[in-house]
1. Got a sec? How would A:Val66, A:Val584 order by Cβ neighbour count within 10 Å, fewest to most?
2. Averaged across the residues of A:327-338, what count of C-beta atoms belonging to other chains lies within 10 Å of each residue's C-beta?
3. Output the Cα-based Rg and Dmax of region A:375-453 in Å, rounding Rg to one decimal and Dmax to a whole number.
4. Could you list A:Val196, A:Val123 in order of exposure, starting from the residue whose Cβ has the fewest other Cβ atoms within 10 Å?
5. Indicate the gyration tensor shape class of region B:1-129 (rounded, prolate or oblate), computed on the Cα atoms with a ≥ b ≥ c the square roots of the eigenvalues: a/c under 1.5 is rounded; otherwise a/b larger than b/c is prolate and the rest oblate.
6. Which of the peptides A:653-666, A:249-262, B:125-138 is most tightly packed, and how do the rest follow, going by the mean number of other Cβ atoms within 10 Å of each residue?
7. Taking every eigenvalue of the Cα gyration tensor of region A:387-565, multiplying by 5 and rooting it, what semi-axes result, largest first, whole Å?
8. Given points 7 Å out from each Cα along the Cα-Cβ axis, report the A:Asp501 to A:Thr219 separation in nanometres with one decimal.
Amino acid sequence: MTSSIDLRQTLFQECEELLEALDDGLTLLWNGSDADDVDQETVNAVFRAVHSIKGGAAAFGLEALVRFAHHFENALDAVRSGRLIPTPDIIGVFLRSADYLADLVASARNDAPSHSTHGPDLVTRLNEMLPSSQADLTLKPAPATLPNTVDESAEIARFQPIAFSFEFDTTPEPETVFQIHFACTRRLYAVGHDPVHIFRSLADLGTLQTQVDSSSLPTFAEMDWSEAYFAWNLALYTKESVAAIHTVFEFLEGICTYEISVLPSDQKSEVDVLEAQAARALSAPEPDVVPVVVPNDLKAAQGYSKPEKSASSSAPSQRGSVRVDLELVDRLINIVGELVINQSVLAQCMQDSGISGQSDVGTSLDEFRSLARELQENVMAIRAQPVKPLFQRMARIIREASDIAGKTVDFEAEGEAVEVDKTVIEQLVDPLTHIIRNAVDHGLEQRSARLAAGKPEIGVVRLSAAHRSGRVLIEVSDDGAGINRPKVRQIAIDKGLVPADAVLEDSEIDKLLFLPGFSTAAKVTDLSGRGVGMDVVRSAIQSLGGRVNITSTPGKGTTISISLPLTLAVLDGMVVDVAGQTMVVPITAIVETLRPSAADLHHFAAAGKVVAVRETFVPIIDLAEAFGHRAAMEDYSNMVLLLVETGQNERWALAVDKIYDQRQVVIKGLESNYGHVPGVAAATILGDGKIALIIDPDETAQRKRRAFGVVTNPISEEA
Amino acid sequence: MAVTSFERSKADDRELVSFRVGGQDFCVDIMSVREIRGWTPATVLPHSPPFILGVINLRGAVVPIVDLAARMGLEPIKPHARHVIVICIVFQQTVGFLVDAVSDILSIDRSLIQPTPTISSEITRAFFEGVIAIDQRMLRLIDIKAVLPPITPRQELS
């Protein structure tokens with residue numbers, strides 16, 4: 001049973017790749033829909049993707065998926081055969097159908113019913129676009145256009161059955177004998193099919209005799225290794241109908257040719273007679289006899305008559321890749337992490353024992369270090385994945401959102417090839433969805449408002465990814481009205497988030513959007529304003545070690561930028577001393593470090609101390625006290641303060657005894673062996689092999705705030 | 001000293017690692033013991049219960065160390081290089097137990113394991129599977145699952 005679960009898993013993985021290919025193809029068609037000629041290869045690729053999804057789904061009895069894919073496929077087939085001209089409208093329906101198909105795949109994967117209600121509507125629209133003659137055929141399970149009979153004598157002449165039968169039925173009942181001529185293309189092998197599986201499937205239907213036709217096999221020297229030279233003549237004794245045989249070949253449509261003819265059962269003996277001829281034919285092969293290929297589909301035949309083109313255009317969608325268990329990759333990353341730590345331990349040992357760095361040992365150790373680093377970088381790269389699937393998902397979100405909001409939106413994506421840690425990509429889905437919906441719902445104006453402002457009537461939402469100094473920058477921008485600052489300010493005042501008389505900079509007003517409980521939508525729409533706001537987005541990004549920023553120009557639009565670490569396995573940290581304990585503070589949280597003068601430090605009643613930083617007062621957290629290493633210090637003037645900014649826009653000063661160094665550390669979870677330590681995000685192993693704890697500034701600050709028993713107001717504090 | 005020698009262990013036998021903590025004899029099932037190593041200073045974990053000495057680096061894994069004496073309400077051990085850490089793996093959780101010294105590996109017939117005597121503290125009693133009488137001594141068979149420090153979940157801060 002496990003193998004069938006594995007297979008199911010594989011099916012869904014394949015579906016994902018196919019959906020991606022489908023999306024790519026449709027996007028290509030969409031972009032090229034103004035052009036007069038439709039790229040046939042792209043249409044074929046799109047068709048094949050839907051067809052393969054349908055095939056895979058059928059194998060697992062995923063009814064809903066098969067049914068919808070079937071309608072979708074019919075419409076695409078009409079385009080493929082030139083009966084339907086893909087106008088932008090039609091491609092729009094296709095895109096939505098692809099979205100719905102993805103929904104169905106997802107719901108099949110999770111074994112949960114799909115929440116999307118677009119299905120029946122899309123089916124209607126897909127059927128409506130079909131030329132009327134095709135409409136009646138839509139529900140037929142197998143292609144009915146194949147020639148079922150051919151000239152028998154010609155067929156028999158070619159037919160050379162012998163020898164090798166898969167199953168032998170000892171009590172034969174009345175059966176039909178089907179003769180099948182089957183030839184495959186190189187693509188059949190390239191996508192991993194094997195004729196023997198087809199033969200087995202056929203043998204399941206009855207008794208199968210196979211005979212290979214090697215007549216087109218060139219001499220050894222002329223042979224192209226990847227070409228498919230063999231064809232087969234098959235004789236199938238079965239009680240099944242011809243449709244059952246077509247079903248076997250269904251998944252191979254376009255990558256093989258086959259032809260089925262019926263031999264009346266009383267002619268069976270002739271088949272036996274033919275065996276003798278066949279034996280003769282085998283002993284004296286005639287290489288110049290080219291087998292007649294009867295294509296099952298003319299369009300498809302065109303496809304393989306120019307294999308070079310099909311190979312080149314399908315190449316980008318077939319990345320050479322290996323599916324690896326993520327756990328295995330993580331283990332590998334861990335081991336390599338150990339290796340790097342081990343190297344630094346060795347280096348420390350060498351230093352301690354007084355061996356010179358110039359010695360042979362020292363040189364070898366240096367080489368070891370660079371190799372270990374290189375290994376680490378490469379192993380980390382395994383986890384990295386292009387953001388493309390994420391962006392495609394966002395394109396779907398935009399289509400959905402623009403449908404609901406009744407706005408026409410142009411989606412532009414850039415930097416789809418940028419690679420980010422897989423976990424980061426997964427964790428980004430929700431925050432990005434939220435940001436994108438906001439951009440469509442709140443960011444872009446209604447059409448009339450856009451026209452009145454002299455802007456193009458179609459709004460643009462741009463999603464881009466780029467590498468910036470060791471981090472990944474993801475930006476969502478719209479060309480909408482920008483943040484309505486007076487309104488935002490008023491809402492913040494109404495909700496008691498800022499005092500009514502607060503004087504706020506523009507950027508401070510923009511940042512108000514990130515405060516918990518803030519939602520500017522005047523009414524709760526279908527899209528946004530479901531109670532979760534940008535504060536959730538912000539904390540999600542921060543939990544990934546990222547930062548989020550917002551900029552806006554009135555009348556021009558809003559840009560939300562997210563800066564993320566490349567990986568979650570390492571982190572840039574500041575190594576500090578806290579009452580004799582070595583600890584690490586993530587650099588991303590630190591705004592600045594300062595050594596306070598006594599004049600900058602102020603007591604604040606019994607609640608603790610604050611430090612003056614350029615006219616604002618920032619509360620101090622003594623880390624040694626927060627972690628229970630000692631009582632709070634009376635005087636911080638000998639200590640170093642790390643100014644951090646938390647997810648709630650609050651600034652705190654973390655007091656530490658000393659800063660050692662700044663370095664990249666490998667993150668080690670505490671949770672599996674021990675559990676969560678308040679105020680601590682994780683642990684790491686230092687060069688001396690000792691463990692240092694990585695501080696979670698957010699949680700430390702929140703604990704401090706709870707200890708105060710007050711909800712501090714970040715804005716009023718800063719302003 | 002073992003009731004049955006190690007070599008003649010039968011299917012009904014349990015193999016145990018015995019050690020001393022605070023002058024008393026204890027043992028755990030050998031299946032849960034992964035390795036035994038000397039004491040190395042641990043990194044202190046803030047806000048941890050008193051019996052948690054901290055975490056050590058065990059070939060790249062972060063492993064918490066439990067002072068077994070303190071865990072059972074005895075005088076806490078003052079860790080020194082001669083003390084021994086028994087590393088156990090239970091339900092994929094790796095934990096080290098600090099003990100005074102490891103004494104022996106025994107093979108004990110299951111029938112010789114007696115129920116834990118009714119002692120005053122139910123909490124302490126829950127730590128043990130039973131007791132074994134050997135050479136006029138009492139071996140306390142520790143239920144390793146019970147003495148594991150409970151995993152503290154992350155508290156969701158509002």
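Rule-based calculations on the coordinates, nothing more; no lab input. Quantities reported herein were computed from a predicted structural model and do not represent experimental measurements. Neighbour counts are summed over all protein chains in view; Cβ atoms, including those assigned to glycine, are modelled from backbone coordinates with ideal geometry.
1. On the way: A:Val66 20, A:Val584 26.
Lowest count first: A:Val66, A:Val584.
2. Values: counts 0, 0, 0, 0, 0, 0, 0, 2, 2, 0, 1, 4.
Neighbouring Cβ atoms belonging to other protein chains average 1 per residue here.
3. Cα radius of gyration and Dmax of region A:375-453 are 16.0, 58 Å respectively.
4. A:Val196, A:Val123
5. Values: a/c = 1.95, a/b = 1.45, b/c = 1.34.
Cα axes put region B:1-129 in the prolate bin.
6. On the way: A:653-666: 18.2, A:249-262: 20.7, B:125-138: 14.8.
Top to bottom by mean Cβ count within 10 Å: A:249-262, A:653-666, B:125-138.
7. Numbers: eigenvalues 121, 88, 43 Å².
Whole-Å semi-axes of the equivalent ellipsoid: 25, 21, 15.
8. Label at A:Asp501, label at A:Thr219, 10.2 nm between them.
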